[in-house]
Amino acid sequence: MKKLPQDVVIFMLLKLPLKSLLRFKSISKIWYTLILSDTFLKLRLKRTTTKKDEFILFIRTLREDDPYKFTSVASFFSGDDKNNLTTLFPDVDVTHLTSASCTIFNELIGPCHGLISLTDSDIIIVLNPGTRKYVMIPASPFECPKGYYRYIEAVAFGFDSIINDYKIIKLSDVYWDPPTDDRGPRGSRVEIYNLSIDSWREHNIEFSSIYFTHCSEIYYKEAVHWFTIQHDLVILCFDISSEIFRTMELPSVCTDLNGPRYGLAVLNDCLVLMSYPDSMCSIGHTENLFNIWMMKEYGESESWIKIRTISPLPIPIESALVIWKDHLLLLQTQTGYLISYDLNSDEVKEYNLNGHHESLRAIKYTECLTTIPTLSEHSKQVQQL
């Protein structure tokens, strides 16, 4: 370290994989400080990566001996040139996301600078899958007024580049709870948590109800995207920095709610829309095909183009998961197993990985040293999976 200029040392360290950097932190205090410095972290975020640097995190729900109890499990994998999965770490029980009912609403949001949010709507975890460090986000202190109840529509996670901070956004419907069976009128609530100051606040802004489908919540271009219904199905976006909602129209043939399911993903750094048969709906099942649309110019609804149709689907599927390495479409079958469809070769591969009905979730990430801020002394602290 003393014999080499610091810029040369930094250049060499930037070439190393994450596991090597984590070991090299123990060489000396100087190396420890350098590797964890903001300057080095920013340089590592900007370094050029390839699709071989992409890893995958799965969250899946498994039924326990008790038919009414389930366990959520995190599985970490890398891939090779033959599209095989290689285990990076042993499976981890994500006990915080385990409930007494089927956890089909578990979601993965991100990645954002190497960090991912795991949530079942009530519990929210921020995780660095590369280091397996995580923190549980404290519950929002805001309660519903007397005589009302709240239904959590969605949870978002992203980075505000203006204030240099990570945010959690919780979207809720608030209903009047009269003594009858009617829910009464709907109101909406937006709650925002700033990670650096460990604080929740309310944001007085209305939003349309979220139209939930699997693989429909995605972080892209510093905004979180869902589906909502405004006469037709549209994409609802929440900009992390401006904290403003906006909408984007779908292709005119992709607004039918009586047949296909829809999902969102990123392919070749562009937002894509996927449509495929709904296994729970008999209407439209005669069209056994999977369509992929790409938005060539982000935010320009006129720029949607159809780039691929898979017909017929080789295996009945339950849900789309993610597009990995820009050519592997990962899907959960109706029997609960993970399969991949190679968009280049049309090869189908089934993996020895399964989860309970509709519970499998996947997110791609690049290993990163990003540290999770330590919260206040009264909050949960950063822990190791």
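I'd like to know if the stretch 336-343 contains one or more residues that are acidic (Asp, Glu) and at pLDDT below 80.
Checked the stretch 336-343: no residue is acidic (Asp, Glu) and at pLDDT below 80.
Taking the condition open to solvent by less than 70 Å² (accessible area, probe 1.4 Å) and within 28 Å of VAL135 (Cα to Cα), does THR333 pass?
no
Could you list all residues from the stretch 204-238 that are in a strand (DSSP E or B) and loosely packed, with under 15 Cβ neighbours inside 10 Å?
If the condition is that a residue be in a strand (DSSP E or B) and loosely packed, with under 15 Cβ neighbours inside 10 Å, then ILE229, GLN230, ASP232 are the ones that fit.
Pull out all pairs, ordered by first then second residue, where Cβ-Cβ is under 9 Å, the residues are six or more apart or on different chains, the first lies in the stretch 19-45 and is in contact (Cβ under 8 Å) with a residue 12 or more places away in the chain and over 18 Å from VAL8 (Cβ atoms), and the second is part of a helix (DSSP H, G or I) and among the hydrophobic types (A, V, I, L, M, F, W, C).
LEU22/ILE35; LEU41/ILE35
Mind checking whether some residue in the stretch 268-276 is touching a residue at least 40 places away in the same chain (Cβ under 8 Å), over 25 Å from ILE169 (Cβ atoms), surrounded by 19 or more Cβ atoms within 10 Å (Cβ to Cβ) and more than 19 Å from the chain's Cα centre (by Cα)?
Yes; the residues of the stretch 268-276 include at least one that is touching a residue at least 40 places away in the same chain (Cβ under 8 Å), over 25 Å from ILE169 (Cβ atoms), surrounded by 19 or more Cβ atoms within 10 Å (Cβ to Cβ) and more than 19 Å from the chain's Cα centre (by Cα).
Of all residues being open to solvent by less than 30 Å² (accessible area, probe 1.4 Å) and of a type in the set (Ser, Thr, Tyr) in the stretch 187-203, which is farthest from SER140 (Cα to Cα)? Just the residue, please.
Checked the stretch 187-203; the qualifying residue farthest from SER140 (Cα to Cα) is SER188.
If SER359 satisfies every condition in (1) open to solvent by less than 10 Å² (accessible area, probe 1.4 Å); (2) free of Cβ contacts under 8 Å to residues at least 24 places away in the same chain but one, which is the exception?
Only one criterion in (1) open to solvent by less than 10 Å² (accessible area, probe 1.4 Å); (2) free of Cβ contacts under 8 Å to residues at least 24 places away in the same chain is unmet by SER359, namely (2).
Of the residues that make up the stretch 301-315, is at least one in the same structural domain as GLY158 (by the TED database), open to solvent by less than 10 Å² (accessible area, probe 1.4 Å) and modelled with pLDDT of 95 or more?
Within the stretch 301-315 (the criterion being in the same structural domain as GLY158 (by the TED database), open to solvent by less than 10 Å² (accessible area, probe 1.4 Å) and modelled with pLDDT of 95 or more), the answer is no, since none of the residues qualifies.
So, in the stretch 15-40, how many residues would count as being open to solvent by less than 50 Å² (accessible area, probe 1.4 Å), of a type in the set (S, T, N, Q) and not in a loop (DSSP other than H, G, I, E, B)?
Counting residues in the stretch 15-40 that are open to solvent by less than 50 Å² (accessible area, probe 1.4 Å), of a type in the set (S, T, N, Q) and not in a loop (DSSP other than H, G, I, E, B) gives 1.
Search the stretch 195-247 for residues being under 21 Å from the mean Cα position of the chain (by Cα) and of a type in the set (Lys, Arg), and hand back the single one that is nearest to ILE372 (Cα to Cα).
LYS221
Anything in the stretch 114-166 that is basic (Lys, Arg) and touching a residue at least 40 places away in the same chain (Cβ under 8 Å)? List them, or say none.
Passing the criteria: ARG132, LYS133.
Please state which of the following conditions CYS254 fails to meet, knowing it meets all the rest: (1) part of a loop (DSSP other than H, G, I, E, B); (2) of a type outside the set (D, E, K, R); (3) in contact with a Pro (Cβ under 9 Å, 6 or more places away or on another chain); (4) farther than 24 Å from ILE109 by Cβ.
(4) is the only condition that CYS254 fails.
Taking the stated definitions as given, is GLU243 in the same structural domain as GLY110 (by the TED database), at pLDDT below 90 and either under 22 Å from LEU115 (Cα atoms) or surrounded by fewer than 17 Cβ atoms within 10 Å (Cβ to Cβ) (or both)?
No.
The values are calculated or read from the model by the stated rules, or taken from the named source; none is laboratory data. Given the structure is predicted, the values throughout are model-derived calculations rather than measurements. In this analysis, Cβ positions are derived from the backbone assuming ideal geometry, glycine residues included, and neighbour counts consider all displayed protein chains. Remember, those area values only see protein heavy atoms, side chains included, never the ligands or the DNA or RNA. Shrake-Rupley method; radii C 1.70, N 1.55, O 1.52, S 1.80 Å.
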